[in-house]
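Scroll down for the structure; my scribbles are underneath it.
Bear in mind that the values in this text are calculations on the coordinates, not laboratory data. Everything quoted here is computed from the prediction, not taken from an experiment. As a convention, Cβ positions derive from the backbone with ideal geometry for all residues, glycine included, and neighbour counts pool all protein chains shown.
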Amino acid sequence: MGQAEIPQELAGALRSAHAVAALTGSGVSAESGVPTFRDAQTGLWERFDPQELATPEAFSRDPKLVWEWYSWRRGLVARAEPNPAHRTLAELERRVPRFTLITQNVDGLHRRAGSENVIELHGNILRTVCSAERIPREPGEGSPPRCPHCGAPLRPDVVWFGEALPPGALEEASEAARGCELFLCVGTSGLVYPAAGLPREASEAGALLVEINPERTPLTPLADFVLCGRAGEVLPALFT
Ligand code: BJW
């Protein structure tokens, strides 16, 4: 994969933009060693069935299996470090007057890299909540551990298929998408809704759409600029 060329027009638009939003997906954390979901060979859904692990029905059927799968993934995330893509996005927040980072990632690496204005559309794997009331709880012993207040099994605070996004998160993301001059889509396959609808919203409201990804996605035909490459290489080149 060669280094993506940065068009002058895009570099200029970036330097002068007052409002920028970015939608990130698991590709941003791939270079930190956190597996993506749908990449051939390395994606989680290549080896594991999402219907058996990432739905509320799966958790009702086999809470131990689901809890243990997420415990394994929590371990991967805890050992991972932010990469140059996370750090460039954090730096961008300091440079652009209005910058919103919308992430589908549950690994918390954007905040660890220094980003502050982060909307976590699919929750955070490092938080544990009561499955009955969705209130944060400290996980104790057990697989899964039980809520000390009501006895319901605890679960990771992530959004499974068929579940609603955290209250207000989509509205806030949509407002940022509709109010920005430049919208970056980084490391997402653009297959999972409602997140995948945000780039179109931004574009229809007049934003320049930029995609950064080594592969084509359903978002590629919508993009004004397609930078084909890895986020950890393209993003730093774009903002230096
Ligand atoms: C690199 C790179 C490098 C590699 N650099 N790039 C409309 C149409 C059809 C279906 C639906 C629809 N609306 C809703 C649905 C249903 C469903 C859905 O979208 N299904 C589709 C898959 C068909 N959506 C939902 O169920 C959502 N909920 C919902 O709609 O609720 C409605 C509701 C309302 C009110 C009450 C009740 C319900 C919820 C979706 C939750 C998604 N959850 C997951 C798991 C999170 C927890 C966990 O981590 O286990 O979220 S699934 C998984 O996919 C995860 C991700 O956030 C999400 C997106 O994946 P992402 O990040 O794009 O990763 P990949 O692997 O797909 O792509 C990686 C990309 O990176 C690739 O393009 C690579 O090329 C690239 N890459 N290396 C840059 N170095």
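For the stretch 91-165, how big is the tail of P(r) above 14 Å, as a whole percent of Cα pairs? Write down the numbers at each step before the final one.
On the way: 1786 of 2775 pairs.
Pairs farther apart than 14 Å: 64 percent.
This model, with +1 at the C-beta of Lys and Arg and -1 at the C-beta of Asp and Glu, gives the stretch 34-191 a dipole about its Cα centre of some 320 debye.
Rg/Rh for the chain stands at 0.98; both radii use Cα atoms, and Rh follows the Kirkwood definition. For the stretch 134-240, the list of trypsin sites (Lys or Arg not before Pro) that fall in a loop by DSSP and count at most 14 other C-beta atoms within 10 angstrom reads ARG134, ARG216.
Which loop GluC sites (Glu not before Pro) in the stretch 1-63, with loop taken from DSSP, have no more than 13 other Cβ atoms within 10 angstrom of their Cβ?
Values: sites: GLU5, GLU9, GLU31, GLU46, GLU52, GLU57; in loops: GLU5, GLU31.
Sparse-neighbourhood loop GluC sites (Glu not before Pro): GLU5.
For the stretch 1-97, the equivalent ellipsoid built from the Cα gyration tensor has semi-axes of 35, 15, 13 Å, listed from largest to smallest.
The residue among SER16, PRO50, PRO145 whose Cα reaches farthest toward the positive pole of the charge dipole of the chain, with charges on the beta-carbon of Lys, Arg, Asp and Glu, is PRO145.
Quick one: order PHE48, PHE99 by neighbouring beta-carbon count within 10 Å, fewest to most. Mind showing how you got there, number by number?
Working: PHE48 13, PHE99 23.
Neighbour counts put them in this order, fewest first: PHE48, PHE99.
Centroid-to-centroid, using Cα positions, the stretch 53-127 and the stretch 152-168 are 14 Å apart.
Dividing the helix sum by the residues of the chain, where each DSSP H run of 4 or more adds -39500 (n - 2.57), gives a mean residue ellipticity at 222 nm of -9500 deg cm²/dmol. Along the positive direction of the dipole of the chain (beta-carbon charges: Lys, Arg +1; Asp, Glu -1; about the Cα centre), which of ALA90, VAL210, GLY25 reaches farthest? My answer, from the dipole projection, is ALA90. Shape annotation for the stretch 164-240: C-alpha extents along the principal axes are 34, 23, 22 Å, from largest to smallest.
Loop-only check: which GluC sites (Glu not before Pro) in the stretch 127-205 are DSSP coil with at most 12 other Cβ within 10 angstrom?
Numbers: sites: GLU133, GLU141, GLU163, GLU171, GLU172, GLU175, GLU181, GLU201, GLU204; in loops: GLU133, GLU141, GLU163, GLU181.
Passing both the DSSP loop test and the Cβ count: GLU133, GLU141.
Normalising the Debye intensity of the stretch 126-212 to I(0), with uniform scatterers on Cα atoms only, and taking log10 at q = 0.22 Å⁻¹ returns -0.98.
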